[in-house]
Amino acid sequence: MRTDDSNPIRPIGRYTRVTLAVAGIGAVLISQHVPSSFLPVEDQGYLFMHLQLPTGASIERTEAAAEKVEQVLAHTPGVKYTTSVLGFSLLNQVATTYTGFFFVTLDAWGDRHSRETQYQEIVQQLNRNLARMPDGLAFGFPPPAILGVGTSGGFTFVLEDRGGKDVSFLAENVQKFIAAASKRPEIAPGLLSTFLPSVPQQFLSVDREKVLKQGVPLNDVYRTVQAYMGGLFVNYFNRFGRQWQVYLEAEGDYRANLDHIGQFYVRNSRGAMVPLSALAHFETRYGPEFTMRYNLYRSAQIIGSAAPGFSSAQAMKALEETFDRTMPREMGYDYLGMSFQEKQSQQGIPSWAIFTASLVFVFLILAALYESWSLPFSVLLSTPMAVFGAFAALWLRRWATGLYLPAYSVAIENDVYSQIGLVMLIGLAAKNSILIVAFAKAEYEKGKPLIEAALGAASLRLRPLLMTSFAFILGCVPLWTASGAGAIARQVMGTAVIGGMLIETLIGRFLIPAIFVVVEKLSGATSSAVGLTPSPAEGD
């Protein structure tokens, strides 16, 4: 039996270092080819639709266009029913006559088996069919990944006029930015801004000098126009056990035309009736439908999504690069909704720091549990193999899925759920390694040579290690094959965990004995070292 372990340990240490380095570098390189994002776009069983007609269009035109949209939805496979809301936009939360909102409910997940009834395919088919509608712009978009955080999926970019310029300055830069961003391959076609700077409006111009000369109170002029041409709330009254509201306004035929302003009169200080046409007139002007203030700046909201094959993080980076290249110094940008949360997560604690902190905590727990500083290194140095397996599985599944599905249906990315899987792999890899390292340490302290103790532990603990590992892997198969609500999140986590455990189990098993030998030798341990096995008490 060989008692001098120094000679064979040298090649063992060299091969072990090379293998771990290759696994670590491979994990880093492969992770660069897996797009990163925040949260996946899930099939939540419903989707939203937005309809926008030319600015100033009447509610009757909007209703006619909405009927065409409903016909398209009715003939789309996978759509169960539709709820329409005319005169309201979910994207900007503003009521106008030329916008509409649709809540589209899909069939149950169990009833949608074919490819054409899958969520992304339904959205793409709807957008293709609605793009040919001449009445206006209509498109479908997913709800936010977290309900209540924003109003839509994709990204929400905000351009800010930080120089305090006029509306035309912001409008010019919004158009310039959208034109430049639409050329980026990371951005899907259909970039939309809710900022409408040229909506036809009617401005009431009051000749104040004439009002004063005629002896008419200026306030009476505005109240008369409001009451007859618009509407004025008077009071409440109770009748039939209910409360009613009283509004004052002219009949529809008399306020349908602005030229009818001469039919309304206001009383002057001498008791005479003066026609409003002698004191005021209407002018057609163009201006914004509404002004959005974000961080106290006049802002414009831009909504879009990443192009097929790209992640939301790549799309946001493309937007920021476009802003830096095209916008003047007076402009700024920010994010809303889920994009704001994603940006906060990017600027916060990075994922590698969380992963490192998890390793440190596991190291300290193992050091306290086994009263050894060297044993945790033997346990945790196999973690690069698990990380390599996780990223390799994500990349392979993404590549394989792209062979038979269109790019917009490939949703395997390095998001929050894959990072949760990586943190889980630390504990799972440590559990596997402990099965070998703890037994090898005990045998070594009983007097066996270092290499013999490591090989004996690996041989003896191989069957229980494989049993527990494959039991866990098979238990995660439902995550890999998940369908229905939240399927993508489960698929991403299952892919990362199964890939990491497979590589760590099949390859890491051959590394753990070698790592144990190298670490113990570097720590200066001898065959008489005291560690795991308690020494007998005096008198025994």
Residue within segment 447-457 that is acidic (D, E), farther than 30 Å from Y46 by Cβ and modelled with pLDDT of 80 or more present: yes
Scan of segment 218-248 for residues that are assigned to a strand (DSSP E or B) and either aliphatic (A, V, I, L, M) or touching a helix residue (DSSP H, G or I) at 6+ places or on another chain (Cβ under 6 Å) (or both), ordered by number: L232, V234, V246, L248
Entirely in segment 33-135, the strands (runs of 3 or more DSSP E) that have 3 or more residues that are within 20 Å of the chain's Cα centre (by Cα): 46-52
Elements of type helices (runs of 4 or more DSSP H) in segment 375-445, at least 3 residues being touching a Pro at 6+ places or on another chain (Cβ under 6 Å): none
Qualifying residue in segment 198-208 (condition: surrounded by 13 or more Cβ atoms within 10 Å (Cβ to Cβ) and closer than 30 Å to F155 by Cβ): yes
Which listed residue is farther than 25 Å from F355 by Cα and modelled with pLDDT of 80 or more, from L462, L506, L532, L435: L462
Candidate set: segment 447-479, residues that are in a helix (DSSP H, G or I) and farther than 27 Å from L20 by Cα; chosen: the one farthest from the chain's Cα centre (by Cα): G475
Residues satisfying the stated conditions in segment 290-318, i.e. crowded, with 21+ Cβ neighbours inside 10 Å, over 15 Å from the mean Cα position of the chain (by Cα) and not hydroxyl-bearing (S, T, Y): R298, A300, I302
Strands (runs of 3 or more DSSP E) (entirely within segment 249-359) containing at least 2 residues that are hydroxyl-bearing (S, T, Y): 280-287, 297-304, 331-335
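Rundown of residues vs (1) more than 21 Å from M493 (Cα to Cα); (2) among the charged types (D, E, K, R); (3) surrounded by 21 or more Cβ atoms within 10 Å (Cβ to Cβ), yes/no style:
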| residue | (1), (2), (3) |
| --- | --- |
| A386 | no, no, yes |
| V410 | no, no, no |
| S418 | no, no, yes |
| E445 | yes, yes, no |
| K448 | yes, yes, no |
| L466 | yes, no, no |
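The values are calculated or read from the model by the stated rules, or taken from the named source; none is laboratory data. Note that the structure is predicted; figures quoted are calculated from it, not measured. So basically every Cβ, Gly included, is an ideal-geometry build from the backbone, and we count neighbours across all protein chains shown.
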